[in-house]
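Participant: Sharing a structure here in structure tokens format.
Read-outs throughout are calculated quantities, based only on the coordinates presented, and are distinct from any laboratory measurement. The structure displayed is predicted, hence computed values, not measured ones. A quick note on method: Cβ atoms are made from the backbone with ideal geometry, for glycine too, and the neighbour counts reach across all protein chains shown.
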């Protein structure tokens with residue numbers, strides 16, 4: 001019993017349940033402890049930029065021969081396949097379940113969100129925005145895609161320099177930066193149960209769960225899509241790697257609990273990286289590259305959710321989606337998956353941007369925003385575990401998935 005209680009995953013799970021109960025009992029008064037949860041989130045967020053940069057730069061810089069191109073190709077190929085499958089599954093579920101049909105709206109979209117959507121960039125400008133003119137501006141604003149692009153180029157240049165000169169000083173520096181930041185995050189994770197308790201107490205006390213009733217069709221469609229994709233992704237992992245799938249739930253438990261209680265892929269990233277290397281046996285170089293890129297570009301739960309949003313808004317407003325508009329909606333969902341913020345709070349602008357871009361009514365956005373925390377739980381669950389599955393597939397393709405670590409016969413070096 002004592003050993004079980006020492007499990008970080010169990011501690012976080014218990015803290016989540018206690019936080020919900022505490023919030024429901026105290027009501028609005030529970031908001032008084034929300035600042036503790038905010039501090040926990042900020043402590044993790046402040047380490048994301050240096051961790052992602054050092055991980056990608058070290059991963060690319062340490063590759064030799066043609067390994068860099070193959071690693072990138074396999075990573076992006078699996079990510080695009082998973083994203084495309086997520087979009088198609090969302091379309092099928094939205095078409096069959098019709099989550100937006102007959103919905104009675106009780107709220108309206110905030111005019112400021114409508115204005116923000118109206119000012120949103122076109123797809124060409126969005127792609128141009130993936131490249132920053134000042135990397136320090138991108139770092140200060142945590143603009144992850146420009147940071148990843150810079151890190152990829154810097155890592156590739158560093159790889160050429162190390163190969164030509166044999167001087168590993170800069171490469172080792174980024175390796176050490178990553179290790180120090182991971183150690184810092186381990187310190188922060190000691191208070192994870194307290195942070196999760198305060199976050200969910202505030203949510204349960206100020207929002208409650210009554211708001212879910214109005215969005216049951218939307219949330220149910222998203223949940224079904226997540227379950228279908230989870231089964232498909234796990235089946236692909238098993239078919240390609242032939243690992244014992246029964247061991248996966250316990251290995252993914254801690255990162256899953258952090259994902260669903262914080263609804264943030266960024267906050268969960270350090271745990272995902274640690275899990276992939278230490279519990280699943282993914283080679284460190286593969287994990288560094290694949291999971292860092294996946295943090296922003298591997299949000300399969302987001303793709304699923306965004307396409308369901310498109311279907312919901314169209315059905316609620318009686319708008320027929322022709323094939324061209326539907327394909328555009330799927331393409332925008334995949335593109336937004338690569339460019340949206342990986343912390344809570346980005347959904348309202350995404351929803352209004354989709355409505356504006358596709359000529360869909362805004363009336364349903366208010367309801368979607370009201371239940372977005374619950375949808376965020378589902379999105380983040382699939383995002384973080386989908387990234388782990390991609391890392392496993394890429395590592396297996398490269399013969400760098402350690403079966404002994406996965407089966408628990410040996411312990412991987414701690415990260």
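Participant: Sort 387, 28, 283 so the one with the fewest other Cβ atoms within 10 Å of its own Cβ comes first.
Facilitator: 28, 283, 387
Participant: Based on the Cβ-Cβ distance of residue 183 and residue 128, what FRET efficiency does E = 1/(1 + (r/R0)^6) give at R0 = 45 Å, to the nearest 0.05?
Facilitator: After rounding to 0.05, the efficiency reads 0.75.
Participant: Which of the three applies to the range 171-274, rounded, prolate or oblate, going by the alpha-carbon gyration tensor with a ≥ b ≥ c and a/c under 1.5 meaning rounded?
Facilitator: oblate
Participant: Let me ask something else. Which of 402, 202 has the fewest other C-beta atoms within 10 Å, and how do the rest follow up to the most?
Facilitator: Least to most surrounded, the residues fall as 402, 202.
Participant: Could you please rank 284, 411, 240, placing first whichever residue has the fewest other Cβ atoms within 10 Å of its Cβ?
Facilitator: 411, 240, 284
Participant: Quick check on the range 150-200: what does the Kirkwood estimate of hydrodynamic radius come out to from the alpha carbon pairs, in Å?
Facilitator: Over the range 150-200, the inverse of the mean reciprocal pair distance is 13.4 Å.
Participant: Could you tell me the largest-minus-smallest coordinate of the C-alpha atoms of the range 13-61 on each of the three principal axes, in descending order and whole angstroms?
Facilitator: The Cα atoms of the range 13-61 stretch 53, 20, 9 Å along the principal axes, largest first.
Participant: Moving on. How much length, in nm to one decimal, is gained on full extension between residue 38 and residue 231, taken as 0.36 nm per residue of separation minus their Cα-Cα distance?
Facilitator: So the chain would gain 66.1 nm between residue 38 and residue 231.
Participant: Moving on to the next point. So how many Å³ per residue does the convex hull of the Cα atoms of the range 6-407 work out to?
Facilitator: Looking at the range 6-407, the number lands at 142 Å³ per residue.
Participant: For a protection proxy built on the mean count of beta-carbon atoms within 10 angstrom, sort 376-385, 131-140 highest first, please.
Facilitator: With the highest mean Cβ count within 10 Å placed first, the list reads 376-385, 131-140.
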